[in-house]
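Notes follow the structure.
All of the numbers you see were taken from the coordinates with simple rules; none came from a lab. Just so it is clear, the model here is predicted, and its values are computed rather than measured. A quick note on method: Cβ atoms are made from the backbone with ideal geometry, for glycine too, and the neighbour counts reach across all protein chains shown.
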Amino acid sequence: MTLTLSHIKKTFNGFTALDDVTLTAPQNQTTVILGPSGSGKSTLLRCANLLEKPDSGTLTIDEESIGFPARLSAGQIRKIRALSSMVFQSFNLFPNLSVIDNITLGPVRVNGQSKQEAQDAAKSLLDKVGLADKADAYPLQLSGGQQQRVAIARALAMNPRYLLFDEPTSALDPELEHEVTKVMAALSAEDASLVVVTHNLRFARKTADKIVFLEHGNIRFDGPADAFFDSDDPRIRQFLSIYD
Ligand code: ADP
Ligand code: MG
């Protein structure tokens, strides 16, 4: 059971953002997607979650598989989205809802959990991300690092097979970044299935099982993390010399 994108192509008004991209994010592993700005990392992640619709190719998560171009029913989209949850750079919490209400909204409205069940689960998830005392706070009363940890708890509350992270710490200063990467590393150590777009190479070195390196909408490297950091591809060496 994996998340697989096969021969995915995505263009925006004739501009090719993804050009025949094929990759697998194995279950229970941490796949880190690296690459320069504009290389197609976000587009790739968004295709996996159907926030973008590929022009062609195939998306497979668990038993669900879709060949593009496709006309998708709302039900199909819901099914695919239920298999993965996205954590964004900008947290995207609902500012008018308390922390606990942010977390329980999806489980109650979409997954049909009872309010009590969802609140019990949310409390244990808040404990897991180190925010047990913040259930009744509002997002704007929290630091960026705390907000992002709430966003992770919210994503986990949906019980997805995969967690997708799009530069989850890019908006944070280093100390707050660390509290978020600590939570992500703990999830990775528990063998959660993670796909992480990041520029944080320290996190990638410590946590990634597998690295995918994108450039101009193409995959330049796909393999074990160790092999990536030892690669003698001059483009990868150059990238590492800038970000490492
Ligand atoms: P990355 O996340 O690696 O920085 P993106 O996936 O965001 O890259 O973008 C890849 C390319 O596709 C960029 O050139 C970007 O400008 C373009 N792009 C992404 N989304 C859109 C969009 N909605 N409309 C037009 N161009 C887009
Ligand atoms: Mg991006």
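Could you grab me the full set of residues in segment 120-131 that are surrounded by fewer than 18 Cβ atoms within 10 Å (Cβ to Cβ) and either in contact (Cβ under 8 Å) with a residue 60 or more places away in the chain or more than 28 Å from Pro26 (Cα to Cα) (or both)? Listed by number, the residues that qualify are Asp120, Lys123.
Looking across segment 144-168, the residues that are of a type in the set (A, V, I, L, M), buried (at least 22 other Cβ atoms within 10 Å of the Cβ) and not in a helix (DSSP H, G or I) come down to Leu163, Leu164. Of the candidates Phe68, Phe94, the single residue that is among the aromatic types (Phe, Trp, Tyr) and in contact with a strand residue (DSSP E or B) (Cβ under 6 Å, 6 or more places away or on another chain) is Phe68.
Gly57 fulfils the conditions (1) within 16 Å of ligand 1 (Cβ to nearest atom); (2) surrounded by 18 or more Cβ atoms within 10 Å (Cβ to Cβ); (3) within 17 Å of the chain's Cα centre (by Cα); (4) over 25 Å from Leu176 (Cβ atoms) except for a single criterion, (3). Being in a loop (DSSP other than H, G, I, E, B) and surrounded by 14 or more Cβ atoms within 10 Å (Cβ to Cβ) is a property that His199 has. I'd like the full set of residues that are hydrophobic (A, V, I, L, M, F, W, C) and within 14 Å of Gln29 (Cα to Cα), limited to segment 204-226. Within segment 204-226, Ala204, Ala208, Ile211, Val212, Ala225 meet the criteria. The residues listed here are Leu51, Leu105; of these, the one that is in a loop (DSSP other than H, G, I, E, B), of a type in the set (A, V, I, L, M, F, W, C) and free of Cβ contacts under 8 Å to residues at least 60 places away in the same chain is Leu51.
Of everything in segment 1-45 that is of a type in the set (D, E, K, R) and crowded, with 20+ Cβ neighbours inside 10 Å, the residue that is farthest from ligand 1 (Cβ to nearest atom) is Lys10.
If you check Ser85, Ser42 for being under 23 Å from Val180 (Cβ atoms) and either assigned to a helix (DSSP H, G or I) or within 16 Å of ligand 2 (Cβ to nearest atom) (or both), only one passes: Ser42.
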